[in-house]
Amino acid sequence: MSGDREFDEATSALRAELLVHCYHMLGSATDAEDVVQEVYLRAWQAYHRFESRSSVRTWMYKIATNTCLTALEGKARRPLPTGLGTESSDPREPVIANDEILWLQPLPDAALGDPAAAVTARESVGLAMVAALQDLPARQRATLILRDVLAFSAAETADVLEMSVAAANSALSRARATVGDGARRDGRRAAELSEHERQVWDDFCTAFERHDIPGVVDVLAADAIWEMPPFPGWYIGAEEIGVLTLSQCPAKVADDLKMVKTTCNGQPAAGMYLRDGDVWRRFQLDVLSIVEGKVVHVGAFFEPALFSLAGLPEVL
């Protein structure tokens with residue numbers, strides 16, 4: 001039992017940052033949770049062979065990275081609808097889900113545990129950045145994360161990925177060239193919002209609760225983007241998003257929806273609940289990017305497991 005206790009003391013504080021790392025690699029909060037469990041099992045089984053040639057943290061990242069690479073074998077990248085290379089959609093046309101695609105997920109902050117312990121892990125987890133990482137082959141993705149997110153040295157990165165330093169540097173160069181400056185801006189983290197930006201977050205939620213379509217349009221940037229996997233269409237422009245909300249949202253009158261504020265990927269978010277008789281049931285999880293006092297992007301996600309990871313109830 002002393003070995004178990006020693007293992008727990010050496011590794012338990014790493015869980016939040018390893019979850020973020022696996023999420024960066026996989027683009028899925030639910031898959032990342034499963035992989036982290038596997039990482040800890042593999043590490044516990046091998047701990048008696050750990051010889052301290054590297055730090056426990058580096059050793060755990062090596063196990064996590066290679067477990068993720070194995071999990072990614074034979075799998076397509078996880079996109080958002082804007083990553084499919086299609087033109088924006090007409091909000092007047094019916095929406096049809098595509099459940100054949102493995103879609104990118106957000107990472108609810110609550111999944112990281114104690115905020116004080118996870119603050120470092122949250123620094124580089126914005127939804128747009130994770131979406132951009134999905135454009136990279138798995139090993140290039142790992143290299144970029146290890147070097148530019150985690151600040152591992154070239155030698156440490158080469159050791160984790162079991163490649164030469166020259167090969168690791170080459171993979172990093174190719175990854176940086178692919179990602180470039182093309183990632184959409186995430187907006188400020190929820191903890192850093194100004195008073196006005198917090199009011200915008202509040203107004204977004206209030207407008208939906210009141211079924212106030214002009215109010216929804218008012219908080220959006222003129223060129224705002226709305227996307228909502230598993231529906232492959234995406235929508236651009238505040239007025240077009242207003243039409244989408246009016247024509248496609250099942251809420252029709254005030255009080256059909258309730259909004260519960262939360263945070264995902266370090267960003268402002270809200271759990272949307274749809275009336276069902278005398279209760280409101282979880283419906284979609286909205287992740288917002290607020291830039292210069294306007295909502296510039298909304299990712300709306302419908303998977304119930306994300307509500308659970310966010311610590312949000314099934315029913316209000």
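FYI, it's all coordinate maths here, none of it is from the lab. Fair warning: this is a prediction, and the values are worked out from it, not measured in the lab. Cβ: placed from backbone, ideal geometry, glycine included. Neighbour counts: every protein chain shown.
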Can you tell me how much longer the chain between residue 198 and residue 114 gets when fully stretched, taken as 0.36 nm per residue apart minus their C-alpha distance, in nm with one decimal?
28.0 nm
Within 10 Å, Cβ to Cβ, of residue 216, how many net charges do the neighbouring residues add up to if Lys/Arg are +1 and Asp/Glu are -1?
-2
In degrees rounded to 10, the 0-90 angle between helix 2-11 Cα long axis and the longest Cα principal axis of the chain is 50
Share of Cα-Cα pairs in region 1-75 beyond 19 Å, whole percent, is 31
Starting with the fewest neighbours, write out 205, 249 ranked by other beta-carbon atoms found within 10 Å of each beta-carbon.
249, 205
For residue 246 and residue 281, extending 7 Å from Cα along the Cα-Cβ vector and measuring point to point gives, in nm, a value of 2.9
With Cα coordinates, the longest principal axis of the chain makes an angle with the long axis of helix 238-248, in degrees rounded to 10, of 80
Answer in debye to the nearest 20: the dipole magnitude of the chain about its Cα centre, from +1 Lys/Arg and -1 Asp/Glu charges placed on Cβ, is 840
Using alpha-carbon coordinates, inclination of helix 56-72 to the longest axis of the chain, degrees:
60
Among 47, 65, 26, flag the residue with its Cα farthest along the positive direction of the charge dipole of region 1-102, charges on Cβ as +1 for Lys/Arg and -1 for Asp/Glu.
47
Once every DSSP H run of n ≥ 4 in the chain is given -39500 (n - 2.57) and the sum is divided by its residues, what mean residue ellipticity at 222 nm do you get, rounded to the nearest 500 deg cm²/dmol?
-13000 deg cm²/dmol
How big is Rg to Rh over region 216-273, alpha-carbon atoms, Rh as the Kirkwood inverse-mean-distance radius?
0.96
Please compute one quarter of the surface area of the Cα convex hull for the chain and express it in square nanometres.
17.4
Using the alpha-carbon centroid of each, what span in Å lies between region 250-316 and region 124-171?
32
